[in-house]
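Notes follow the structure.
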């Protein structure tokens, strides 16, 4: 059906693709400059394009009053049916004006649906703004068209060039806003799902029946991430032994985080199955070698197994910093690391000696990754290092800090000394044994 608006002059045949090369609006250079994605913001120099879908080829409106916000003419293409519309619906079309009276031919099951043609166009052009055109006595159908997905509706007998121009600009901006809101909502949902997934991958210590106190702090180096390449875990086996582990996969990306989770889960399963020491680390190296994406990826690891009476521990180090032990009768110090074995994934057939360490009756044992000691001190290149960390922990112990408060203070102080956020992942685990009164 024709749109009853004046047709005083014709715009070049943009809708048929037959404009002369070098013409004011139809040359190849202009066409390329005008091309824009339907879902992207229109640049200041781009021209809005309208696709009219109506079934009267003699009534195709060429409307000189159709102007965009900059006063430039809005290009018009005309399609007599959905087949033609599909051919003309390129990315440089910004808005569709659809006559709701157009029959939806060729689609089964739509005979009783008054908005079938609109639904077909919305399926055909999900990224384009759509204006519904109908008679003024059909207001209910027009409102339903907006509910189904059109950006706005227009009445045929009230239409003029100024109204149509304004409606086109409004529909394009509204579609752009709707698309941006949808993308933002989808991004938020993905972020929420990722956070839930990452939280689920962080360990829940299995210490039922143990008198040891557990605390941990974890800060990934990746921006907006909850999980990095550092990993840790603590479990108590049926014989009363408490096993603790902390490790660090080389690198900081999501692949390294995933590998760290795999190693942590494998460590828990192997520990509960009764493996420890060299046998456990050798099996973990096999897991790493099979799961890593690159042969240069390795992981450092520190494992301790604390005897049921809490007075002794077995220590294995695979290229990892030695734990820190603090007791009431002596200042905090690092445990021996002379028998430190290689990191996992570096040497096939490597061995990792297990050292026996006396803990005493009352103690605090802190396991950590190198992110805690490699932060810089002020603006220079000097790093905190293990000696600086030991001095810091001694002072914080003397101030009466314990458990979560101690770890929180330690991580915050390291970050402050660094002059800002740490770029490396940081994981710290603290086990305390306090004799029962």
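Here the condition is being touching a strand residue (DSSP E or B) at 6+ places or on another chain (Cβ under 8 Å), assigned by TED's automatic domain parsing to the domain that holds residue 409 and over 13 Å from residue 367 (Cα atoms); of 291, 295, 256, it holds for 256 alone.
Against the test of being out of contact with any strand residue (DSSP E or B) (no Cβ under 7 Å at 6 or more places or on another chain) and either modelled with pLDDT of 90 or more or outside the structural domain of residue 55 (by TED's automatic domain parsing) (or both), the options 107, 147, 127 yield a single qualifying residue, 147. The residues of the range 423-437 that are farther than 15 Å from residue 324 by Cβ and either in contact with a strand residue (DSSP E or B) (Cβ under 7 Å, 6 or more places away or on another chain) or surrounded by fewer than 18 Cβ atoms within 10 Å (Cβ to Cβ) (or both), listed by number, are 423, 425, 434, 435, 436, 437.
Is it the case that some residue within the range 324-342 is under 14 Å from residue 277 (Cα atoms), touching a strand residue (DSSP E or B) at 6+ places or on another chain (Cβ under 8 Å) and in contact (Cβ under 8 Å) with a residue 40 or more places away in the chain? Working first, answer last.
Going through the range 324-342, the residues under 14 Å from residue 277 (Cα atoms) turn out to be 339-342.
From what is left, the residues that are touching a strand residue (DSSP E or B) at 6+ places or on another chain (Cβ under 8 Å) are 339-342.
Now drop any that are not in contact (Cβ under 8 Å) with a residue 40 or more places away in the chain, which leaves 341.
Looking through the range 324-342, at least one residue is under 14 Å from residue 277 (Cα atoms), touching a strand residue (DSSP E or B) at 6+ places or on another chain (Cβ under 8 Å) and in contact (Cβ under 8 Å) with a residue 40 or more places away in the chain.
Within the range 383-402, none of the residues are free of Cβ contacts under 8 Å to residues at least 12 places away in the same chain, within 20 Å of residue 202 (Cβ to Cβ) and either loosely packed, with under 14 Cβ neighbours inside 10 Å or over 32 Å from the mean Cα position of the chain (by Cα) (or both). Among the residues of the range 126-168, the ones that are under 35 Å from the mean Cα position of the chain (by Cα) and surrounded by fewer than 20 Cβ atoms within 10 Å (Cβ to Cβ) come to 7 in all.
Can you confirm whether residue 411 is assigned to a helix (DSSP H, G or I) and assigned by TED's automatic domain parsing to the domain that holds residue 257?
Numbers: assigned to a helix (DSSP H, G or I): yes; assigned by TED's automatic domain parsing to the domain that holds residue 257: yes.
Yes.
Checked against (1) in a helix (DSSP H, G or I); (2) farther than 25 Å from residue 375 by Cβ, residue 259 passes all but a single condition, namely (2).
For the range 288-316, taking the residues that are in a helix (DSSP H, G or I) and touching a residue at least 40 places away in the same chain (Cβ under 8 Å), the one that is surrounded by the most Cβ atoms within 10 Å (Cβ to Cβ) is identified as 288.
Summed over the range 351-365, residues that are surrounded by 14 or more Cβ atoms within 10 Å (Cβ to Cβ) and touching a helix residue (DSSP H, G or I) at 6+ places or on another chain (Cβ under 7 Å) total 2. Does residue 416 meet the test of being assigned to a helix (DSSP H, G or I) and either outside the structural domain of residue 252 (by TED's automatic domain parsing) or loosely packed, with under 13 Cβ neighbours inside 10 Å (or both)? So residue 416 fits the description; yes.
Residue-wise test of (1) at pLDDT 95 or above; (2) closer than 19 Å to residue 236 by Cα.
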{"site": "298", "(1), (2)": "yes, no"}
{"site": "313", "(1), (2)": "yes, yes"}
{"site": "324", "(1), (2)": "yes, no"}
{"site": "336", "(1), (2)": "no, no"}
{"site": "345", "(1), (2)": "yes, no"}
{"site": "382", "(1), (2)": "no, no"}
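Would the range 355-363 turn up any residue that is more than 26 Å from residue 205 (Cβ to Cβ) and out of contact with any strand residue (DSSP E or B) (no Cβ under 7 Å at 6 or more places or on another chain)? No, every residue in the range 355-363 fails to be more than 26 Å from residue 205 (Cβ to Cβ) and out of contact with any strand residue (DSSP E or B) (no Cβ under 7 Å at 6 or more places or on another chain).
The values are calculated or read from the model by the stated rules, or taken from the named source; none is laboratory data. This is a predicted model, so every value here is computed, not measured. Neighbour counts are summed over all protein chains in view; Cβ atoms, including those assigned to glycine, are modelled from backbone coordinates with ideal geometry.
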